[in-house]
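Colleague: Quick one: structure below, then a few questions.
The values are calculated or read from the model by the stated rules, or taken from the named source; none is laboratory data. The structure displayed is predicted, hence computed values, not measured ones. Glycine also receives a Cβ, built like all others from the backbone with ideal geometry; neighbour counts cover every protein chain displayed.
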Amino acid sequence: MVNEKVREIKMSSWQSKVCQRFINMIMTYEDNNGVKIFEKFKSRIYYNAKKSIPSSKYPAMFVFFDGGNREPFGIRRQDWWMSNLKVIIYTLDHSENDMDDHYKWTEGIERVCRLNPRWVLEGDEDLSIHKGDLESFSYDFAFGDNFVISETDHTIGLRLKLCPANQIS
């Protein structure tokens, strides 16, 4: 058996800190029954990942930044910047009817975003994130011979007080 190389998150970049903050928030989330539904993804979370279907380790979660723009009504020098955080979840299922977990995960992400209107890290480092909201999600299926790969694509809009392109280290 060959050990797969896993890229570790570079915690010095601003984008990685935002991804890590998001993961910390959803890992502590509990559904209405007190179950931590995102615990299944421990050691299966990929940061700044390519848009590709994983070849192993299901369920898998990919978290990365996907563009941004200046808010059109922002005043110059006090700009609000909008950036998209993408969260893609993959599972290996036997049929299209195995989507219940995906619906629960989407509800969990939406609740975490709504309950944490300010995504500022505690301590010295201020990420200057005013809020993050789940803006859209979509479900898709990729069919194999004896299985279905279920995919949920979430777009979380972050409202920032600085341009993320200036924060790449």
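Colleague: Name the residues in region 19-68 that are more than 16 Å from residue 154 (Cα to Cα) and of a type in the set (Asp, Glu), would you?
Modeller: Across region 19-68, the qualifying residues are 30, 31, 39.
Colleague: Still on this model: Would you confirm whether any residue within region 85-97 is at pLDDT below 85 and touching a His at 6+ places or on another chain (Cβ under 7 Å)? Walk me through it before giving the result.
Modeller: Taking region 85-97 and keeping what is at pLDDT below 85, we get 93-97.
Filter once more, so that each one left must be touching a His at 6+ places or on another chain (Cβ under 7 Å): none.
No, region 85-97 contains no residue that is at pLDDT below 85 and touching a His at 6+ places or on another chain (Cβ under 7 Å).
Residue by residue, here is whether (1) modelled with pLDDT of 90 or more; (2) β-branched (Val, Ile, Thr); (3) more than 18 Å from residue 102 (Cβ to Cβ) holds:
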{"position": "2", "(1), (2), (3)": "no, yes, yes"}
{"position": "7", "(1), (2), (3)": "no, no, yes"}
{"position": "19", "(1), (2), (3)": "no, no, yes"}
{"position": "24", "(1), (2), (3)": "no, no, yes"}
{"position": "37", "(1), (2), (3)": "yes, yes, no"}
{"position": "47", "(1), (2), (3)": "no, no, yes"}
{"position": "50", "(1), (2), (3)": "no, no, yes"}
{"position": "67", "(1), (2), (3)": "no, no, yes"}
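Colleague: Exactly one condition in (1) touching a helix residue (DSSP H, G or I) at 6+ places or on another chain (Cβ under 9 Å); (2) farther than 18 Å from residue 157 by Cβ; (3) modelled with pLDDT of 85 or more is false for residue 102; which is it?
Modeller: (1)
Colleague: Could you please tell me which pairs satisfy a Cβ distance under 9 Å, a separation of 6+ or placement on different chains, a first residue in region 123-138 that is more than 24 Å from residue 89 (Cα to Cα) and modelled with pLDDT under 70, and a second residue that is among the charged types (D, E, K, R) and surrounded by 14 or more Cβ atoms within 10 Å (Cβ to Cβ)?
Modeller: Note: pairs meeting the criteria are 125/17; 127/17; 127/21.
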